1. Consider the stretch 24-47. How many of its residues are open to solvent by less than 20 Å² (accessible area, probe 1.4 Å) and assigned to a helix (DSSP H, G or I)?
2. Name the residues in the stretch 108-137 that are among the hydroxyl-bearing types (Ser, Thr, Tyr), closer than 21 Å to Lys171 by Cβ and under 12 Å from the mean Cα position of the chain (by Cα), would you?
3. Can you run down the residue pairs with Cβ atoms below 8 Å, 6 or more apart or on separate chains, where the first is in the stretch 184-211 and without any contact (Cβ under 8 Å) to a residue 40 or more places away in the chain and the partner is in a loop (DSSP other than H, G, I, E, B) and basic (Lys, Arg)?
4. Output the residue which, of all residues in the stretch 133-156 that are assigned to a loop (DSSP other than H, G, I, E, B), open to solvent by less than 50 Å² (accessible area, probe 1.4 Å) and not acidic (Asp, Glu), is farthest from Gly184 (Cα to Cα).
5. Go through the stretch 171-187 and count every residue that is closer than 17 Å to Asp138 by Cα and either open to solvent by less than 60 Å² (accessible area, probe 1.4 Å) or among the hydroxyl-bearing types (Ser, Thr, Tyr) (or both).
6. So, Val69, is that one under 20 Å from Gly12 (Cα atoms), out of contact with any Gly (no Cβ under 7 Å at 6 or more places or on another chain) and in contact (Cβ under 8 Å) with a residue 24 or more places away in the chain or not?
7. Just checking, how many residues over the stretch 157-211 are outside any helix (DSSP H, G or I), among the hydrophobic types (A, V, I, L, M, F, W, C), in contact with a Leu (Cβ under 9 Å, 6 or more places away or on another chain) and closer than 19 Å to Arg120 by Cβ?
8. Output the number of residues of the stretch 1-23 satisfying the condition of being outside any loop (DSSP other than H, G, I, E, B), touching a strand residue (DSSP E or B) at 6+ places or on another chain (Cβ under 9 Å) and either farther than 16 Å from Arg91 by Cβ or open to solvent by 50 Å² or more (accessible area, probe 1.4 Å) (or both).
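The values are calculated or read from the model by the stated rules, or taken from the named source; none is laboratory data. Treat the numbers as computed from the prediction; the structure is a model and nothing was measured. Neighbour counts run over all protein chains shown; Cβ positions are idealised from the backbone, glycine included. Remember, those area values only see protein heavy atoms, side chains included, never the ligands or the DNA or RNA. Shrake-Rupley method; radii C 1.70, N 1.55, O 1.52, S 1.80 Å.
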Amino acid sequence: MSIRIAVDAMGGDHAPEALVQGAIAAAKANQELQIILVGQIEALPQEADLPENVTIEAATTVMAMDESVENLRKKKDSSIWIATKMVKDGRADAVVSAGSTGAQMACSLLLLGRIQGITRPAIALTFPNRHGGSVVLDVGANVQIAPEQYLQFGFMGGICAETVLHKTNPKIALLSNGTEEHKGTDEIIEAHQLLKESDLNFVGNIESRSI
């Protein structure tokens, strides 16, 4: 079964060249990928010069890296908006962007919404280590969250570890300034208790060196 990925070809420090090169390399390596490059036509290669499983979707504007996300509603013809809307419309299965994180997060919230039971989005990264890697979240979408949102992140991180890192019953830990239950802010202490009472494989607090 093919996977359709809409790529914001105009997003990122080295767009569109780096995005186009990456898309072509991925398409050649995996014929099951159907990649749609979303961007300004004049900045992208001709479709005749692309692999058969790479196509182009036109966008007329771009969200700059340092541009306020408040402008997003005025730029519904931007590459990031159109690429995300393709997922909403069922024309793509996923969207990838190396552009403005704020713009991508705002697009996702406005067009795709939240998963039921999840009240705040999170950005996840995989950190390589000797045990096959760890998923760390949130790494930038939120400044402060409530205790129950730490629990929600625990569930999301666990699913990510299962699907991306192929972990079975992954361990869930809470990052704090000490391993003891009483360490951390009031929110961390309450989050620890919620995680402890959940059916997650919660192993307690960890310090950053343990990631």
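1. Number of matching residues: 1.
2. Thr126 - this is the single residue of the stretch 108-137 that is among the hydroxyl-bearing types (Ser, Thr, Tyr), closer than 21 Å to Lys171 by Cβ and under 12 Å from the mean Cα position of the chain (by Cα).
3. What qualifies is Ile189/Lys183; Val203/Lys171; Asn205/Lys183.
4. As a first pass, look at the stretch 133-156 and keep what is assigned to a loop (DSSP other than H, G, I, E, B): 133, 138-146.
Now narrow it down to the ones that are open to solvent by less than 50 Å² (accessible area, probe 1.4 Å): 133, 138, 141-142, 145-146.
Those left that are additionally not acidic (Asp, Glu): 133, 141-142, 145-146.
Values: Gly133: 25, Ala141: 20, Asn142: 18, Ile145: 14, Ala146: 14 Å.
Here the answer is Gly133.
5. Qualifying residue count, the stretch 171-187: 6.
6. Details: under 20 Å from Gly12 (Cα atoms): yes; out of contact with any Gly (no Cβ under 7 Å at 6 or more places or on another chain): no; in contact (Cβ under 8 Å) with a residue 24 or more places away in the chain: yes.
No.
7. Total meeting the criteria: 3.
8. To start, the set of residues in the stretch 1-23 that are outside any loop (DSSP other than H, G, I, E, B) comprises 3-8, 17-23.
From the residues that got through so far, the ones that are touching a strand residue (DSSP E or B) at 6+ places or on another chain (Cβ under 9 Å) too are 3-8, 19-20, 22-23.
Pick out the ones that are also either farther than 16 Å from Arg91 by Cβ or open to solvent by 50 Å² or more (accessible area, probe 1.4 Å) (or both) and you get 3-4, 19-20, 22-23.
Of the residues in that region, 6 qualify.
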